[in-house]
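To start, the structure under review is shown below, and the notes come after it.
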Amino acid sequence: MAAPAYVQQPPAASSEEDAPLAPQPGPQTQFLSCPADLCFYGGSAGGGKTMSLVLEATRHHHVPEFTAVYFRRSYTEIFMPKGIWDEAKKVYSRLGWTPRVGDAEWVTPAGGRVVFAHLQHEDTVDNWKSAQIALICFDQLETFTEHQFFYMLSRNRSTCGVRPYIRASFNPEPGWLSTLLQWWWDPATGYAIKERGGVIRWMARISGEIHWGDTRDELVARFGEHCQPLSVTFIPATLDDNKILQRLDPGYRSKLLALPIVEQERLLLGNFKIRPQGGKVLPRAKFTVLTAMPTDIVRWVRGWDNAATKGAGDYTSAVKIGQRANGRFVILHRWRDQLATGDRDEAMRNLARSDGYHVEIALAQEPGSAGKDVVYYAIQSLAGFQVAAYRDTGDKLVRARPFASQLAAGNVDVFQWDPVETDAYLQQMDAFPTKGVADDDVDATTKAFKHLTMMPMGVMDGDEEEFSLV
C-alpha cells in the first residue's frame with residue numbers, strides 16, 4: 001500500500017479550520033502510512049483518532065468507484081457536535097467533495113463514495129450482506145461487538161483497484177478487543193508496550209478461533225492456503241502526541257485529570273486492564289462531610305430508585321441533593337425501605353410533603369407500556385409537586401459517570417443528617433460497583449444528579465406545566 005502524499009512539515013495553525021490536510025508527526029503519520037490489513041489506533045483520549053480516520057479516505061481521492069464506510073455504533077453519534085461528520089466536513093469540503101447529508105455520505109470528484117453509517121443493534125450487520133467496501137473504518141471500536149466486527153470483515157472486498165483494508169480507533173476497556181490486542185500491551189500493568197507499537201503480526205481466524213503468527217508463511221504452513229492470514233498491528237497514541245489539540249485546548253488535560261481514577265487510567269494513560277471496583281468509582285474519601293446544614297442551597301432535587309417487595313429483596317431509595325450558590329453539590333438526606341407498591345407510593349407522597357414543594361422530584365421510568373403506566377400514576381399522586389421521569393440509558397456505571405466526575409474533582413459535600421445513616425450511605429457509594437453489594441442509593445443519587453444538571457432551573461415552574469416526562 002503506497003504511502004499517502006501529504007503536505008510535509010505542516011505550518012502552525014491558529015484554529016482547526018486553518019490546519020493543513022496532513023497528519024501530525026509521530027503516531028498519526030505512522031497510522032496513515034501503515035501497510036497492515038487491520039490497523040488499530042489510539043488507546044486513549046486526545047490522540048487525534050477521529051481525524052486520523054477521516055484523513056484515511058483522502059488517500060484514494062482520485063480513485064473512481066472507491067468505496068469507504070465509517071461506522072459509529074448509533075446513528076446519532078455520527079452527527080454529534082465535533083463528531084466524525086463535523087471532522088469530515090473540515091477535510092472533505094476543502095477537497096471539493098460533495099456532501100449528501102440526507103444519505104450521510106460524501107462523493108469525491110472521481111466518483112468515489114464515503115458513507116457514514118451505524119450498527120446500533122447486533123443484527124444490523126445483516127443490512128450489509130451484499131456490500132463490497134474497500135475501506136471500513138470503525139470509530140470507537142470498543143462500543144461494537146466482536147460479531148459485528150468480524151462479520152463486517154467479510155464485507156471488506158474491492159474491485160476498484162484499492163486493496164481492501166480495515167482501520168479502527170478505540171479507547172481501551174476490558175473485553176473482546178483488549179483480548180484481541182493482548183500482544184501489544186503489558187498484562188501486568190495494562191499499558192501499551194511502546195516497543196511493539198506498529199509491529200505487524202499475522203492473524204488467521206478459523207472456526208471462530210484466532211491463531212497468531214510472526215509471519216504469514218508461519219500460519220500458512222500450519223493451516224494451509226485456505227486460512228488466508230491478515231496482517232495486524234496496533235499503534236498507540238495519547239494526548240501527548242496531539243500537539244494541535246494541546247495548543248488549541250490547553251485545558252483538555254485538566255478535564256481528563258478530573259475524571260474518576262478508572263476513567264483517568266483508560267482515557268489519559270491508555271490502561272487496558274483496569275476495571276471499575278469498590279473505592280475507585282465513588283470513593284468515600286472524596287466526599288467532604290459537613291456537620292452543619294449549608295445555608296446557601298439554591299436548588300433541591302429528590303431522586304428515587306423504586307423497588308416493590310416488602311421486607312426482602314431490593315430497597316426503595318430516595319436521595320436528596322442540593323446545589324449550592326458556589327456551584328458545589330451536597331447530599332442532604334437519604335431515605336430507604338423495603339415496601340410493597342402501595343406502601344411505597346404512600347411513603348413517596350409523605351416524603352414529598354415533608355421535603356416541601358420547592359424540592360423537585362426525579363423518578364425512574366421502566367421500559368415498555370407498563371413503565372409508562374407506573375410513572376403516570378406516580379406523577380398523578382404527586383400533583384402539586386415538580387416531577388420528572390427519566391428512562392435509564394446505558395448500564396449503571398455509565399449513568400454514574402457524570403456524578404463520579406464531580407466527586408473526583410472534589411465538588412461534592414455530604415451533610416451528616418445522622419451519623420449512622422450517613423456512614424451507611426457513604427459505604428454503599430464506596431463499594432460501587434462491587435458485585436453482590438446493593439446499589440439502590442447509587443441509582444437514586446445519579447437520578448437526582450441527572451435532573452439537577454440536565455433540567456434547567458424553573459423550567460417546570462408555573463401552572464401551565466405541573467410535571468414533565470422526559
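The values are calculated or read from the model by the stated rules, or taken from the named source; none is laboratory data. Since the structure is predicted, the reported quantities are computational estimates derived from the model, not experimental observations. Positions of Cβ are generated from backbone atoms using ideal geometry, with glycine treated the same way; all protein chains shown enter the neighbour counts.
Some values worked out for this structure:
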{"quantity": "Condition met for Lys273 (in contact with a strand residue (DSSP E or B) (Cβ under 9 Å, 6 or more places away or on another chain), farther than 22 Å from Phe403 by Cα and outside the structural domain of Gly410 (by TED's automatic domain parsing))", "calculated": "yes"}
{"quantity": "Count of residues meeting criterion [among the aliphatic types (A, V, I, L, M) and either part of a strand (DSSP E or B) or surrounded by fewer than 18 Cβ atoms within 10 Å (Cβ to Cβ) (or both)] in region 38-62", "calculated": "1"}
{"quantity": "Hits in region 352-364 (condition: of a type in the set (Gly, Ala, Ser) and in a helix (DSSP H, G or I))", "calculated": "Ala352, Ser354"}
{"quantity": "Unmet requirement for Lys255, which otherwise passes all of (1) in contact (Cβ under 8 Å) with a residue 40 or more places away in the chain; (2) over 25 Å from Pro187 (Cα atoms); (3) in a helix (DSSP H, G or I)", "calculated": "(1)"}
{"quantity": "Count - residues of region 375-423 that are without any contact (Cβ under 8 Å) to a residue 60 or more places away in the chain and in contact with a strand residue (DSSP E or B) (Cβ under 8 Å, 6 or more places away or on another chain)", "calculated": "2"}
{"quantity": "Those residues of region 20-31 which are surrounded by 23 or more Cβ atoms within 10 Å (Cβ to Cβ) and either without any contact (Cβ under 8 Å) to a residue 60 or more places away in the chain or under 19 Å from Ala88 (Cα atoms) (or both), in sequence order", "calculated": "Gln28, Phe31"}
{"quantity": "Exclusive hit being part of a helix (DSSP H, G or I), of a type in the set (D, E, K, R) and surrounded by 20 or more Cβ atoms within 10 Å (Cβ to Cβ), set Arg349, Arg266", "calculated": "Arg266"}
